[in-house]
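What follows is one structure encoded as structure tokens, with my remarks underneath.
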Amino acid sequence: MITSVMIISYPALFTPKPNPSGALKFSCSLLIDKDDKKGVQELFDAVEKAKIKGKESLWNNKIPNFRYEPIRDGDKELANGDKTDKVYENKYFLNCSSDTAPGVVIATPEGPKPLMDPDQIFAGCFVRADINPFPFKNSGNAGVGWGLNNILLLKEGPRLDGRMRATDAFADCAPIPENDGDPNEGDLA
């Protein structure tokens, strides 16, 4: 499925990172505003279809209790202390992953183009995602997970990690004074 506009967080799109069990995965979290009623409903509908598939194929004709919900409520997790960042306020979120690198493209007036600079996509960017929910049963756990296929970068958003671009961080610094070419001479700003 192609999602509506979401905010990406914890992107590991170009280099895999270990998941909680230690397996290397390409992954990200995706946050959707609760006011996006259509987009939210599409996600919940997709989960229900995956539950039916799991019930019929993996879970002996019943839906088990899940350790983690496939779509989590940011407000509930803020209230109970699991999440502390206000970005989760009025949002649902999900975690998706893949064993293989997802396709990552950027929206341009001519259409999607491959994203060549991995630094262009960071936690806080607005994206659409190509994801798929799937039922699983593994080591005593059952649930619905999200497969990560592709990401479309729409535009930058406020960085969630607080990091600044280098050009912005040093914008107010004075230029290095002229000297005889020796960087060790002269007053540095």
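The values are calculated or read from the model by the stated rules, or taken from the named source; none is laboratory data. On a predicted model such as this, the values are computed, not experimentally measured, just so you know. In this analysis, Cβ positions are derived from the backbone assuming ideal geometry, glycine residues included, and neighbour counts consider all displayed protein chains.
Determine whether segment 72-86 contains at least one residue that is closer than 18 Å to Asn149 by Cβ and either part of a strand (DSSP E or B) or under 21 Å from the mean Cα position of the chain (by Cα) (or both). Within segment 72-86 (the criterion being closer than 18 Å to Asn149 by Cβ and either part of a strand (DSSP E or B) or under 21 Å from the mean Cα position of the chain (by Cα) (or both)), the answer is no, since none of the residues qualifies.
Test Gly181 against the criterion of being in a loop (DSSP other than H, G, I, E, B) and either in contact with a helix residue (DSSP H, G or I) (Cβ under 8 Å, 6 or more places away or on another chain) or at pLDDT 90 or above (or both), and give yes or no.
No: the conditions fail for Gly181.
Looking at the structure I just gave you, is Glu110 more than 19 Å from Ser4 (Cα to Cα) and either over 16 Å from the mean Cα position of the chain (by Cα) or surrounded by 13 or more Cβ atoms within 10 Å (Cβ to Cβ) (or both)? It is true that Glu110 is more than 19 Å from Ser4 (Cα to Cα) and either over 16 Å from the mean Cα position of the chain (by Cα) or surrounded by 13 or more Cβ atoms within 10 Å (Cβ to Cβ) (or both).
Looking only at segment 87-141, filter to residues that are in a strand (DSSP E or B) and without any contact (Cβ under 8 Å) to a residue 40 or more places away in the chain; which one of those is farthest from Leu31 (Cα to Cα)? Walk me through it before giving the result.
First, the residues of segment 87-141 that are in a strand (DSSP E or B): 91-98, 103-106, 113-114, 126-138, 141.
With the extra rule that they be without any contact (Cβ under 8 Å) to a residue 40 or more places away in the chain, the set shrinks to 113-114, 138.
On the way: Lys113: 23, Pro114: 23, Asn138: 26 Å.
Among those residues, the one meeting the criterion is Asn138.
Here is a check on your reading of the model: is Ile52 more than 21 Å from Lys83 (Cα to Cα) and in contact with a Lys or Arg (Cβ under 6 Å, 6 or more places away or on another chain)?
Numbers: more than 21 Å from Lys83 (Cα to Cα): yes; in contact with a Lys or Arg (Cβ under 6 Å, 6 or more places away or on another chain): no.
It is false that Ile52 is more than 21 Å from Lys83 (Cα to Cα) and in contact with a Lys or Arg (Cβ under 6 Å, 6 or more places away or on another chain).
Against the test of being part of a helix (DSSP H, G or I), farther than 24 Å from Ala101 by Cβ and in contact (Cβ under 8 Å) with a residue 12 or more places away in the chain, the options Glu42, Glu48 yield a single qualifying residue, Glu42.
Among the candidates Ser27, Ser4, the residue that is of a type in the set (Ser, Thr, Tyr), surrounded by 12 or more Cβ atoms within 10 Å (Cβ to Cβ) and either in contact with a His (Cβ under 8 Å, 6 or more places away or on another chain) or not in a strand (DSSP E or B) (or both) is uniquely Ser4.
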